[in-house]
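Scroll down for the structure; my scribbles are underneath it.
Coordinate-derived values only; no laboratory data. Predicted, not measured: the structure shown is a model, and the values here were computed from it. For neighbour counting, all protein chains shown are included, and Cβ atoms are generated from backbone atoms with ideal geometry for every residue, glycine included.
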Amino acid sequence: MKKIILLVIAITASIGAINISAQDPDVAAIAAMRVIKADSLSIMLGKVYGTQAAMNAPTSEERSVLVKAFENALNVESLDEEFKEGYKLGTQYFTNAQGLKNRQGIELNRAAYAQAMLSRLEDTTITVNLNTEIKDINNEAKRLIGEVTELIKDSVNLMGNAGLINIKSDSLSQNMGRFFGAQAQNMIKQKKFDDAKLARFIEGFNNSINVDDSNQPMIDGKMLGSEVLNISQNIKRQLQLNMNQELFVGTIKEILADPKVPTTEDFKAIDTQTQSYMREVQAFTKENSPEALTHRTMGKKYIENLLEKDPKFIQAPSGLVYKILEPGKGKQFVETDKIRVMYKGTHVDGNTFDQSKEPIAFAPNQVVPGFREALLMMRPGAKMIAVLPYNLAYGDRGAGGAIKPYETLVFEIETLGLEETKPEEKGAEAAPETKGTNAEKVAPADANKKAGAKKAKSTSTKKSKKRK
């Protein structure tokens, strides 16, 4: 069966900032939505894999074999751990073999692979460090794949190269067997398999590997079953969603029961739709992860308590909460002013994540939205406490290790006035002074950010780079 897409693994970790409001999370509603999302995703993924399987097995006879092998692979999940581990190892061979066949045209020797795997598994005399052995095996595999690929490309002498291609393919098969044998031996030691469990492990391996190479629908069904299980595990791990196995498998079977053979356009349409929905689901699960819910709830309660206990705190339409300690004098600052600032940033639990030890200069247009809004309210000599809900701070991204996603932040800000420009620097913006501040160690957003500000890029004109 052709490799479709690693729908879960291939999704990029960063989707971009999500424009969300700092509302109190409804835990019950979120739990219900998780079920809806998981069910919808189960159906859509079932359509993707079912459509691909139907394209690869166009006849009813082929589909019958495929479905039987598919169901057998799924049934393995109900068996004991040792058998499942052995079966999984055999399936890894088919996955790698299919990949090499489809990409490079390399035919592996299953018998050579199995013999090498079992020999390596039973060899207890090897003292080489496992990581070193795996590294050496990988290097040998790369070399062999390269050599076989070049031989296959030489179409003029392909017949003359057939014997050499077979020899090197057998060597590659043995190489893979040693690799998985070493991995299996390490796993067996960690799980402390006794002789009975080891025998069950080998039984599972033999059951998996004993498939007719010429029966492609059977191999496709076997791989499809393993793929379904892997997807469910990946989604559970990465998105904290419990796939609806009944809907997932049922959708695949329903498509395979339809005599219609899907077209490439059919597959592209459902594939595109599913990937789009996957991004939506990923955004939802990130926003409503246990950590995100904790920080959102803590931030909301902190702001509510603050407004209730101290009437001097004001909440702006944006959601920014602030209290003016000193009004300052003169004109309010504007976007492009380079303002000399002293600040202290804390979490809502009172722990400090960043604090300036000496004045630092930056412009309002260089900082996160909440800090910018606070600066534009201030004048020279002003002091303020500003509470930034997560959507006015670092949102769903967080910053470095100091600021977690969805955190509400508290800043004590003092503006000392505009940065003085030296005579020889008139007409050019001076870069903010950054030496000796804790922000360099904490790095809220990255190594060049301070209190939500980017350090000005050092150039001949010393112009600041505007925050994206």
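Using the number of other C-beta atoms within 10 angstrom as an exposure proxy, rank Asp349, Asp39 with the fewest first.
Going from least to most buried by this count: Asp349, Asp39.
Quick one: go through region 67-99 and flag any residue whose amide nitrogen is under 18 Å from the point 7 Å out along the Cα-to-Cβ line of Ala199.
Those under the cut-off are 80-87.
For Lys253, go through the aspartates and glutamates and keep the ones whose alpha-carbon is under 20 Å away, minus same-chain ones fewer than eight residues off.
By straight Cα distance, Lys253 reaches Asp39, Glu61, Glu62, Glu71, Glu77, Asp220, Glu227, Asp266, Asp271.
At a Förster radius of 25 Å, what calculated FRET efficiency corresponds to the Cβ-Cβ distance of Glu61 and Gln238, to the nearest 0.05?
Calculated transfer efficiency: 0.10.
Provide the descending list of Cα extents for region 27-290 along its principal axes, expressed in whole angstroms.
The Cα atoms of region 27-290 stretch 58, 49, 33 Å along their principal axes.
So who's got an amide H within less than 5 Å of the one on Gly398, skipping anything under 5 residues away but keeping other chains? H placed 1.01 Å off N, in plane.
Tyr406
What nm distance separates the two modelled labels at Ile314 and Ser289, each placed 7 Å from Cα along Cα→Cβ?
Between Ile314 and Ser289, the label points sit 3.7 nm apart.
Which ordering of Arg237, Arg63 is given by a fewest-first count of other beta-carbon atoms within 10 Å?
Working: Arg237 10, Arg63 25.
Ordered by Cβ neighbours within 10 Å, fewest first: Arg237, Arg63.
Note down the nm distance, to one decimal, between modelled labels 7 Å out along Cα→Cβ at Asp26 and at Glu358.
5.4
Taking θ = phi - 60°, what integer Hz values does the Karplus form 6.51 cos²θ - 1.76 cosθ + 1.60 yield along region 186-199, in sequence order, with x for Gly and Pro?
Once rounded to whole Hz, the list reads 5, 5, 5, 5, 5, 8, 6, 5, 7, 4, 5, 5, 5, 4.
Please compute the net charge surrounding Arg110, taking Lys and Arg as +1 and Asp and Glu as -1 over other residues with Cβ under 14 Å from its Cβ.
Here the count lands on -2.
For the pair Thr336 and Ser78, what calculated FRET efficiency results from E = 1/(1 + (r/R0)^6), where r is the Cβ-Cβ distance and R0 = 60 Å, to the nearest 0.05?
According to the calculation, E is roughly 0.35.
State whether region 247-332 is rounded, prolate or oblate according to the following rule on the C-alpha gyration tensor (a ≥ b ≥ c being the square roots of its eigenvalues): a/c under 1.5 gives rounded; otherwise a/b larger than b/c gives prolate, and the remaining case gives oblate. If you can, show how the numbers build up before the last one.
Details: a/c = 7.13, a/b = 3.14, b/c = 2.27.
It is prolate, given that a/c is not under 1.5 and a/b is the larger ratio.
I need the peptides 291-300, 194-203 ranked by packing, meaning the mean over residues of other C-beta atoms within 10 angstrom, with the highest value on top. Show your work: numbers first, answer last.
Values: 291-300: 18.1, 194-203: 15.1.
Ranked by mean Cβ neighbours within 10 Å, highest first: 291-300, 194-203.
Per 0.36 nm of contour for each residue apart, how much would the distance between Leu307 and Thr272 grow if the chain were fully extended, relative to their Cα-Cα spacing?
Taking Leu307 through Thr272 to full extension adds about 7.9 nm, to one decimal.
Write down Rg/Rh for region 57-185, rounded to two decimals, with Rg from the C-alpha atoms and Rh from the Kirkwood relation over Cα pairs. Numbers along the way, then the final one.
Details: Rg = 17.2 Å, Rh = 16.5 Å.
That ratio is 1.04, to two decimals.
Highest mean first, how do 85-94, 44-53 rank when packing is the count of other Cβ atoms within 10 Å averaged over residues?
Result, highest mean Cβ count within 10 Å first: 44-53, 85-94.
What are the ³J(HN,Hα) values, in whole Hz, obtained from phi via the Karplus relation 6.51 cos²θ - 1.76 cosθ + 1.60 with θ = phi - 60°, for each residue of region 166-183 in sequence order, with x given for Gly and Pro?
5, 4, 5, 5, 5, 5, 5, 4, 5, 4, 5, x, 5, 4, 6, x, 5, 4
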